[in-house]
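Worksheet: the structure to be examined is printed underneath.
The values are calculated or read from the model by the stated rules, or taken from the named source; none is laboratory data. Model, not experiment: these values are computed from the prediction. Because the Cβ atoms are built from the backbone with ideal geometry, glycine has one as well, and the counts that use them run over all protein chains shown.
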Amino acid sequence: MEANIKSYDSDFKSHSHSTFHQLIIPHRGELELEAEQSSGIANIDQVAVITANDTHAFRGRNPNSFTVVDFNFADASYMPELNSLWDRAHNQILFPLDEGLLNLSRFTAIELKDRGLTSLGEQGIKLFLLALAENSNTKENVLPAKLQSALKYIRENHTRNLSSKDIASAACLSVSHLHSLFNNVLGYTPQRFQTRLKLERARQLVLDSTVPLSQIAQEVGYADQSSFNRAYRKIYGQAPGKERSDNRD
């Protein structure tokens, strides 16, 4: 197994991997993917799984960062529990992330960034793959159309303070059905998803601009910098000021 933090440029490239399967876990930005049987965008709520010998085209969108894991055949032979995941990925390149998978992805990213691929980080990646395989066996991994509509509406309007009623109306759902879909399929609320999008935007500004942190907090809807710092640290494992400083060292 090999794992690295990678970024992708905006030019389309195409290739296949002959000796390994690949897992792409987004941390910020987006990766557009096109394969023979499936296409879509890997972002903060969808992970990509690319099986060996499947030709695919890809390009990055916006400043981006991903954990990219190359899972070779030797490793795969010791984990037959993942065979169903590789089989499904031939026809479905993207898989939704629930709350548990999001927490695992944050752990592996922090471990990989701070220490490289340690035995602990490798175990975290294997746990992530096992959980993803279990989800693919027990859940319908194509998101319901109305949930997709709700997610799209939140993405396009996340800078506003959206209420559950706003989101439900846009997706032609009742508020109770909206919350039921989010909790049962994704494991989190519409408001939590909106918060993640706001913090994703904030992180781009933290890492790729010189905008003062107090101004960033205000732009993404936080009344004060201390509450922004707490929310940011909870998602990304460190305060925005420290991550900006570390990124520029």
Between residues in segment 237-249 that are closer than 16 Å to Asp114 by Cβ and residues that are of a type outside the set (A, V, I, L, M, F, W, C), which pairs lie under 6 Å by C-beta distance while being six or more apart or on different chains?
Ala239/Asn229; Ala239/Arg233
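Which of the residues that make up segment 1-46 are part of a strand (DSSP E or B), β-branched (Val, Ile, Thr) and over 22 Å from Leu82 (Cβ atoms)? Talk me through it step by step, then tell me what you get.
Kept after step one, since they are part of a strand (DSSP E or B), are these residues of segment 1-46: 2-6, 13-15, 20-35, 39-43, 46.
Now restrict to residues that are β-branched (Val, Ile, Thr): 5, 24-25, 41.
Ile5, Ile41 - these are the residues of segment 1-46 that are part of a strand (DSSP E or B), β-branched (Val, Ile, Thr) and over 22 Å from Leu82 (Cβ atoms).
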Take the residues in segment 146-161 that are under 17 Å from Ala202 (Cβ atoms) and not charged (D, E, K, R); name whichever of them is surrounded by the most Cβ atoms within 10 Å (Cβ to Cβ).
Ile154
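Would you please name the residue that is nearest to Ser105 (Cα to Cα), looking only at residues in segment 42-57 that are among the hydrophobic types (A, V, I, L, M, F, W, C) and over 10 Å from the mean Cα position of the chain (by Cα)?
Val49
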Taking the condition of being of a type in the set (Asp, Glu) and more than 23 Å from Leu207 (Cβ to Cβ), how many residues in segment 1-36 meet it?
3
Among (1) closer than 25 Å to Trp86 by Cβ; (2) surrounded by 16 or more Cβ atoms within 10 Å (Cβ to Cβ), where does Ile167 come up short?
(1)
Enumeration of residues in segment 74-112 that are more than 25 Å from Ser16 (Cβ to Cβ) and either in contact with a strand residue (DSSP E or B) (Cβ under 6 Å, 6 or more places away or on another chain) or assigned to a loop (DSSP other than H, G, I, E, B) (or both)
Asp98, Ala109
Being surrounded by fewer than 20 Cβ atoms within 10 Å (Cβ to Cβ) and in contact (Cβ under 8 Å) with a residue 60 or more places away in the chain is the filter here, so list the residues in segment 198-218 that pass it.
Gln204, Leu207, Asp208
Quick check on Phe128: is it in contact (Cβ under 8 Å) with a residue 60 or more places away in the chain, in a helix (DSSP H, G or I) and aromatic (Phe, Trp, Tyr)?
yes
Index of the failed condition, Thr67 passing every other in (1) surrounded by 21 or more Cβ atoms within 10 Å (Cβ to Cβ); (2) free of Cβ contacts under 8 Å to residues at least 60 places away in the same chain; (3) of a type in the set (Val, Ile, Thr):
(2)
Looking at the structure I just gave you, is Glu81 crowded, with 18+ Cβ neighbours inside 10 Å, assigned by TED's automatic domain parsing to the domain that holds Leu127, acidic (Asp, Glu) and closer than 30 Å to Gly237 by Cβ?
no
